[in-house]
Structures are given as C-alpha cells and as structure tokens.
Amino acid sequence: MINLTIEDRDGSRRPVEIPEDISLSLMEVLKATDHHILATCGGMALCATCHVQVVEGPEKYFHATDQELDLLDTLPDAAHDSRLACQLRISEDMDGMVFRILGEE
Amino acid sequence: MEPITTDICIIGAGPVGLFAVFEAGLLKMRCHLIDVLPQVGGQLSEIYPQKPIYDIPGFPTVNAQQLVDGLMEQIEPFKPTFSLGERVNELQKLDDGSFITTTSDGTEVHSKVVVIAGGLGCFEPRKPAIDNLEEFEGKGVAYMVKNPEAYRGRKVVLAGGGDSALDWTIFLADIAEEVTLIHRGDTFRGAPDSAEKVFELAKQGRINLVLQAHIKAINGNGHLQEVEIVDRDNAISVIAADNLIPLFGLTPKLGPIAEWGLNVDKSAIMVDTVDYSTNVKGVYAIGDINIYPGKLKLILCGFHEAALMAQSAFKQVYPDQKLSFKYTTVYGVSAF
Ligand SMILES: Cc1cc2nc3c(=O)[nH]c(=O)nc-3n(C[C@H](O)[C@H](O)[C@H](O)COP(=O)(O)OP(=O)(O)OC[C@H]3O[C@@H](n4cnc5c(N)ncnc54)[C@H](O)[C@@H]3O)c2cc1C
Ligand code: FES
C-alpha cells in the first residue's frame with residue numbers, strides 16, 4: 001500500500017491508502033476518495049483546476065515539469081512547490097507524502 | 001435601452017447552445033444567445049480549441065474550433081442574434097409566462113422560452129487572493145484590457161506569466177507612463193519571442209520586471225494608488241500604481257444561475273428527460289449544465305437534448321399551432 005496524506009483547503013488532513021499496482025494519477029485518486037477537485041479537463045493538462053502543493057515528500061516531486069509550468073503560470077496562487085495532480089502518477093516512492101489541495105472547488 | 005424581443009433566449013453560446021439555434025430554427029423559432037465570453041464556442045474555444053474530437057458522428061476527427069465554426073455556419077440561415085461579453089445575472093418570469101433575461105451590461109431580452117446551456121458555468125477571471133481586491137474593481141483593477149487607450153500616461157501594474165500578461169506588457173510599454181510586470185517565476189512559458197521581448201524591454205529600462213514575487217496587498221483612497229509586492233525572501237516593496245491588471249486566465253463558476261429558483265444538485269440543474277425542462281415552466285437546461293440519471297457530459301448528448309427541448313419549446317412559443325415533425329433531408333433547411 002502507498003500511504004498519502006491529503007490536506008484540504010480548510011487545513012483538515014485525511015490519510016489515503018492506494019494499492020501499489022494501480023496506475024492512476026493523483027487527480028484520479030483525489031476524485032475517487034471524494035476530495036473536491038474540479039479537474040475540468042479530465043487530466044489533459046489544459047485547465048489547471050487540479051492544483052496541489054507538495055508539503056512533504058521526496059525532493060523530486062517538488063518540481064513541476066515544463067508542461068505543468070505552462071499552466072501553473074496562469075494561476076494566481078502557484079508557488080515553487082505547486083504541481084498539477086493530474087500529471088503526478090502514483091508510485092511507490094510517494095509513500096508517506098503529504099499534498100495540500102489548492103485547486104478551485 | 002429597449003429590450004431585445006425573441007422567441008428563445010439561450011444562455012451560453014457553447015456547442016450545445018449553438019446547436020439549439022438550429023433545432024429551434026427548424027421549427028421557425030428565433031433565438032438570441034448570450035455569453036459572458038467575447039467569443040462563441042464555450043469550453044471548445046476557451047479550453048481546447050486545437051484538440052481533435054473523435055466522437056462527433058460523421059466526423060472521424062474534428063478539431064474543436066472547426067466544430068464551433070461549422071456550427072456557426074450551420075445556424076447562419078436562422079439569423080440568430082448575440083450578446084457576447086455579457087454575463088446573465090437575472091432571470092425574471094412575467095405574469096404572462098414570458099421572461100426577461102438581464103445581463104451585466106443591462107441588456108434585457110424578452111422571450112417566451114429560456115434555454116440555459118451554461119455548461120460548467122460562467123467563465124470568469126481567476127483572481128489573486130488579495131483581501132480588498134473587489135473594492136477596487138472598476139477603480140483601477142480590471143481583469144482584461146478592453147480599451148488600451150484608457151492606460152495612456154498611467155502607471156500600470158500587470159501580474160501573471162502567461163501569454164496575455166506578456167502580450168499586454170509589450171503593448172502597454174508604448175502607451176502607459178510606467179509598466180510593471182510581476183511574475184511568480186523567473187522564466188516565462190508564453191511564446192518564446194514575447195518572453196524575449198519582455199526581457200529586452202526590461203533591460204532597456206522601458207518596463208519594470210519583478211520576478212519571483214507576488215502581490216500582497218493593494219491600497220488607495222477610492223481609487224487604486226499603490227501595490228505591495230512580496231518577493232521570495234518575504235521582503236516587501238511598494239509600487240505607485242493607477243491600474244492593476246491581474247491576468248491569470250479564466251475558470252468556470254456556476255455563478256448567478258444558482259440563484260434563479262431552479263432545482264440545483266451539485267452545481268447542475270435537475271431536468272425532466274422527456275424534454276429537458278426544469279422545475280420552472282418555460283425554462284429548459286441542456287448540455288453540461290443539467291443533471292439526470294445516466295447523464296453523460298458529451299457534446300453528442302447535449303445535441304440530442306437540444307432537439308427534444310425544441311419540440312417542447314414549440315408548444316410554449318406557438319400554443320395554438322400543431323407541430324408536425326419533418327426531416328431536413330425532405331425539405332432542406334431554407335424551407336423551414
Ligand atoms: C479538454 C476537454 C476535452 C473534451 N473532449 C470532448 C470530446 O472529445 N467529446 C465530447 O463530446 N465532449 C468533450 N468534452 C466535453 C465538452 O466540451 C462539453 O460537453 C461541452 O462543451 C458542453 O457544451 P455546453 O454548450 O453545454 O457548455 P460549454 O461548452 O461549457 O458552454 C457554456 C457557455 O455558457 C456560458 N455561460 C454560463 N453561464 C453564463 C451566464 N450566467 N451568462 C453568460 N454566459 C454564461 C459560458 O461562458 C460558456 O461559454 C471535453 C471537455 C474538455 C474540457
Ligand atoms: S485536470 Fe486539467 S490540468 Fe489537471
């Protein structure tokens with residue numbers, strides 16, 4: 001199991017358990033676990049409504065890819081540790097990570 | 001202003017609102033469309049104009065903007081009228097069962113039927129989190145540049161890192177007295193030559209470029225006077241400004257539709273699948289904005305809903321006439 005902690009907009013935290021062999025993006029996991037996240041474009045990296053912040057975890061997850069940066073530049077509240085949840089593929093080395101939801105409700 | 005009079009007022013000029021004009025036109029009903037965006041096409045034009053779509057019958061693949069252009073061509077014979085760049089704020093039912101639809105610009109549309117084809121809601125500007133931002137809207141703060149001349153000789157602060165922030169910075173550098181661009185990153189991902197041009201203007205001292213920073217607060221006395229900026233090291237600086245233009249793109253919000261007394265569930269309007277009518281007689285909801293058991297948010301489904309809506313709306317618009325269904329292949333379009 002991969003264990004993540006998701007912090008919602010109001011600061012409340014919830015643990016989320018994901019089976020190891022599942023090929024999902026973080027956006028899909030957030031939707032499946034009833035977190036309110038718009039994800040208007042369904043994960044095509046077109047809408048930037050699946051914005052999350054990496055709070056804790058391996059260094060490599062703090063850096064958005066170029067494709068994500070294109071979109072993050074259109075957000076007023078993006079920071080250096082911002083990511084698009086739909087572009088983060090769940091993997092074992094994410095175990096223990098903490099993400100904060102920033103995207104619009 | 002005299003109200004616009006029409007048979008059907010359509011709120012939302014996305015693909016489904018556009019196709020509703022065709023289905024209404026076949027039954028000799030006139031339509032007026034309103035959209036808050038300056039262009040037609042809804043999500044297709046605003047979010048994914050260059051994406052291919054694969055599930056439109058008869059088109060193995062069609063580019064989103066091409067589909068919108070095709071829809072515009074298809075409804076041209078029915079001469080719809082448009083109010084673009086205006087948000088519908090109010091929907092009022094009159095005693096005779098007709099409606100007055102009122103927009104943010106004060107345009108009034110008097111119609112017998114109202115069709116809400118509002119999709120995901122109004123596309124509205126993304127706003128930075130500044131406490132008193134709304135207090136200064138129209139008093140120095142604007143989210144789009146409508147008339148660049150309004151900035152002649154003024155001190156303008158722009159914020160954002162996308163193409164429109166770059167383009168307007170370059171454009172206003174020749175018009176405004178002082179231009180400052182604030183961006184959270186240290187590189188731009190807009191068109192490479194626009195980014196290069198902005199860096200060049202900064203080097204020449206023709207604009208102020210503030211990188212790795214964001215706006216913390218704005219102040220003024222009745223009108224914007226200064227913008228407070230905080231950089232990555234939390235150092236604060238203050239810039240004198242007559243105007244602030246945050247350019248962070250658009251995002252859909254349900255907006256005023258939620259307040260019209262319609263049955264709404266999870267940001268969508270509940271409808272009867274017989275004709276896609278709402279709980280208010282004469283008001284229909286089609287496309288992504290509605291919800292019913294088995295709903296799929298697909299263009300195809302919205303088109304189907306538009307066809308059934310039109311058959312039912314006919315009875316509202318022409319209560320004394322009998323509707324006889326015809327195929328376009330038999331009569332052509334101009335015969336309708
Ligand atoms: C990236 C992406 C890819 C997609 N791909 C496909 C696909 O391949 N096939 C498919 O079938 N579907 C696809 N979809 C879904 C499809 O785009 C929607 O189903 C379709 O756009 C719905 O059309 P609509 O006319 O109901 O709403 P929209 O396209 O959302 O248009 C609604 C319009 O109403 C306006 N509006 C709302 N409220 C107001 C108001 N109060 N005042 C004024 N104007 C208002 C909005 O500004 C908007 O322009 C895709 C969606 C996305 C985001
Ligand atoms: S879901 Fe649209 S960018 Fe992630």
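A few notes on this one:
- Single condition B:TRP168 does not satisfy, out of (1) aromatic (Phe, Trp, Tyr); (2) surrounded by 21 or more Cβ atoms within 10 Å (Cβ to Cβ); (3) part of a loop (DSSP other than H, G, I, E, B): (3)
- Annotation: B:ILE286 fulfils all but one of (1) closer than 15 Å to B:VAL114 by Cβ; (2) within 16 Å of ligand 2 (Cβ to nearest atom); the unmet one is (2).
- Taking the listed residues A:GLY96, A:GLY43, the one that is away from ligand 1 (no atom under 16 Å from the Cβ) and out of contact with any Lys or Arg (no Cβ under 9 Å at 6 or more places or on another chain) is A:GLY96, with no other qualifying.
- Single condition B:MET1 does not satisfy, out of (1) open to solvent by 20 Å² or more (accessible area, probe 1.4 Å); (2) within 16 Å of ligand 2 (Cβ to nearest atom); (3) farther than 22 Å from B:TYR284 by Cβ; (4) in contact with a strand residue (DSSP E or B) (Cβ under 9 Å, 6 or more places away or on another chain): (2)
- Pair list, Cβ < 7 Å and 6+ apart or interchain, from the range B:278-301 residues that are outside any loop (DSSP other than H, G, I, E, B) and surrounded by 16 or more Cβ atoms within 10 Å (Cβ to Cβ) to residues that are of a type in the set (S, T, N, Q) and at pLDDT 95 or above: B:TYR284/B:SER277; B:TYR284/B:THR278; B:ALA285/B:THR278
- Residue in the range B:54-66 that is under 21 Å from the mean Cα position of the chain (by Cα) and of a type in the set (Val, Ile, Thr) present: no
- Residue in the range B:29-43 that is more than 27 Å from B:GLU124 (Cα to Cα) and at pLDDT 95 or above present: yes
- Meets criteria (over 18 Å from B:GLU76 (Cα atoms), hydrophobic (A, V, I, L, M, F, W, C) and without any contact (Cβ under 8 Å) to a residue 40 or more places away in the chain) for B:VAL317: no
- Selection of strands (runs of 3 or more DSSP E) fully inside the range B:1-105 by the criterion of at least 3 residues being at positive phi and touching a residue at least 40 places away in the same chain (Cβ under 8 Å) returns nothing.
- The residue that is surrounded by the fewest Cβ atoms within 10 Å (Cβ to Cβ), counting only those in the range B:171-181 that are assigned to a strand (DSSP E or B) and more than 14 Å from chain A (Cβ to nearest Cβ), is B:GLU178.
- Residue within the range B:182-201 that is part of a strand (DSSP E or B) and open to solvent by 20 Å² or more (accessible area, probe 1.4 Å) present: no
The values are calculated or read from the model by the stated rules, or taken from the named source; none is laboratory data. Please read these numbers as outputs of a predicted model, since none were measured by experiment. Note that each Cβ is placed from the backbone with ideal geometry, even for glycine, and that neighbours are counted across all protein chains shown. Accessible surface is based on the protein model in full, side chains and every heavy atom, while ligands, DNA and RNA are left aside. Shrake-Rupley method; radii C 1.70, N 1.55, O 1.52, S 1.80 Å.
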